[in-house]
Amino acid sequence: MGDRANVIVVRENGAHELYRTGWAVGIDLDLLEGPTPVLTMLPELRQDGWWLDDTMAQGGILLDLGRKVLLFFAWEGPSTELRHRAAAFELIRAAWPGWEVRWLYDGPAELRAYVGLDPEYVRCRDAAPASAPFLAPDDEDLTGPDPGGVLITVGIGGCHVASDAFDHPVHEGAALLDRLADAPEHGRCHLHVNAGIHLDPEHRRLGWWSLYSSPQAYQVPESWPGWTVEFWQDDWERHVKVSDRFSPAAFGTGEEARSAVLAEAADRLALRTRNRARVVLAPGGAGVGP
């Protein structure tokens, strides 16, 4: 597995330990088992003092054992999906009774800040935002029940969808408006996207949200000088309220969503178990964690 994440454990005396895993995609599913199984898997992980930066960290977990605080973020997994996010958080909180469970929107920088280290160490400020291409309504990337994508609505008219495989388009600043001039029009969007922006050029206001971690999330206003910027965090319903162009198709909640997340967690556990077995059987495989 090449998907990287840091796992940080803050012990009761305040000292922290830094681990790294190559199983970042779906790392939120590991949390459904509660604190004990997560701590049990630590010996399998690499402990090399390597803090993943903004571009390399595809997920992260921090367990503060003394204060009982769980922090995490991910780029992919049920917690980043419109249909499953609420169920994923409900199941995680149930598995961590008595713990404060909090999502990090600014990824690795927030992990370092929590343990008193300089967030700038993991910043990649020299890298320009990777402009996400716009997708046509019939693009194959938008098929399936959880296509993702970034919905961009403009005033009372335009409605466009950008790929979510690149930087969140809100980081482009006002240059995004120029790119929207040639973007495919979607009319009204019923997709289960996982991020969005609503632009009001007349009043120079914007609101944006994201279900996945977005580096420098709280610095977005710096990219929009002269604009009023609101970060709605994961509140996609704010977008629905300000634009009649976004009305995601109805989706099951409650037991249906919980069952889907639990089934995905069972598949992940089975995959990890098979991987452990291969590592044990491989010559010289001792100490090679996931």
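The values are calculated or read from the model by the stated rules, or taken from the named source; none is laboratory data. Here the structure is a predicted model, which is why all the values come from computation and not from measurement. Cβ: placed from backbone, ideal geometry, glycine included. Neighbour counts: every protein chain shown. Surface accessibility is based on the protein's heavy atoms, side chains included, excluding ligands, DNA and RNA. Shrake-Rupley method; radii C 1.70, N 1.55, O 1.52, S 1.80 Å.
Residue ranking by accessible heavy-atom surface, 1.4 Å probe, largest first, among LEU269, LEU71 comes out as LEU269, LEU71. Which Cα, out of LEU82, PRO201, LEU71, lies furthest along the positive dipole direction of the chain (beta carbon charges, K/R +1, D/E -1)? Of LEU82, PRO201, LEU71, it is LEU71.
For the chain, the solvent-accessible area with a 1.4 angstrom probe is 46 square angstrom per residue. Among the trypsin sites (Lys or Arg not before Pro) in segment 83-142, those located in a DSSP loop and surrounded by at most 10 other Cβ atoms within 10 Å of their own Cβ are ARG125. For segment 64-90, list residues with backbone N below 16 Å from a point placed 7 Å from the Cα of VAL240 toward its Cβ? Counting only backbone N, you get 81-87. Take the alpha carbon atoms of segment 110-139, find their center, do the same for segment 166-243, and report the distance between the two centers in whole angstrom. One Cα centre to the other: 15 Å.
Going by the alpha-carbon gyration tensor, a ≥ b ≥ c the square roots of its eigenvalues, is segment 3-42 rounded (a/c under 1.5) or, if a/c is not under 1.5, prolate (a/b greater than b/c) versus oblate? Taking the square roots of the gyration eigenvalues as a ≥ b ≥ c, segment 3-42 is oblate. In loop segments of segment 176-205 as defined by DSSP, the trypsin sites (Lys or Arg not before Pro) with at most 16 further C-beta atoms inside 10 Å of their C-beta are ARG188, ARG204. Model label points for LEU269 and LEU117, set 7 angstrom from Cα along the Cα-to-Cβ axis, are 3.1 nm apart. Report summary: the helix-based calculation at 222 nm, which adds -39500 (n - 2.57) for every DSSP H run with n ≥ 4 and divides by the residues of the chain, gives -7000 deg cm²/dmol. The H on the amide N of VAL161, modeled in the peptide plane, is under 5 Å from the matching H of LEU135, ILE152, each at least 5 residues off or on a different chain.
Identify the residues of segment 102-126 with backbone N under 16 Å of a label point that sits 7 angstrom from the Cα of GLN219 along the Cα-to-Cβ direction, or state none. Counting only backbone N, you get 105-113, 118-126. Only the Cβ atoms of Lys and Arg (+1) and of Asp and Glu (-1) were treated as charged; on that basis the dipole of segment 44-106 about its Cα centre amounts to roughly 340 debye.
Given DSSP loops and a limit of at most 14 other Cβ atoms within 10 Å, what is the longest stretch of the chain that contains no such GluC sites (Glu not before Pro)?
Longest stretch, sites excluded: 13-184.
By accessible area, using a 1.4 Å probe on protein heavy atoms only, the chain has 52% of its surface on carbon and sulfur.
Could you pull out the longest piece of the chain with no exposed loop chymotrypsin sites (Phe, Trp or Tyr not before Pro) in it, calling a site exposed if DSSP puts it outside H, G, I, E, B and it has at most 15 other Cβ atoms within 10 Å? Longest stretch, sites excluded: 51-165. Which shape class, rounded, prolate or oblate, goes with the chain when its Cα gyration tensor gives a ≥ b ≥ c as root eigenvalues, a/c under 1.5 marks rounded, and past that a/b bigger than b/c marks prolate? Prolate is the answer for the chain, as a/c is 1.5 or above and a/b outweighs b/c.
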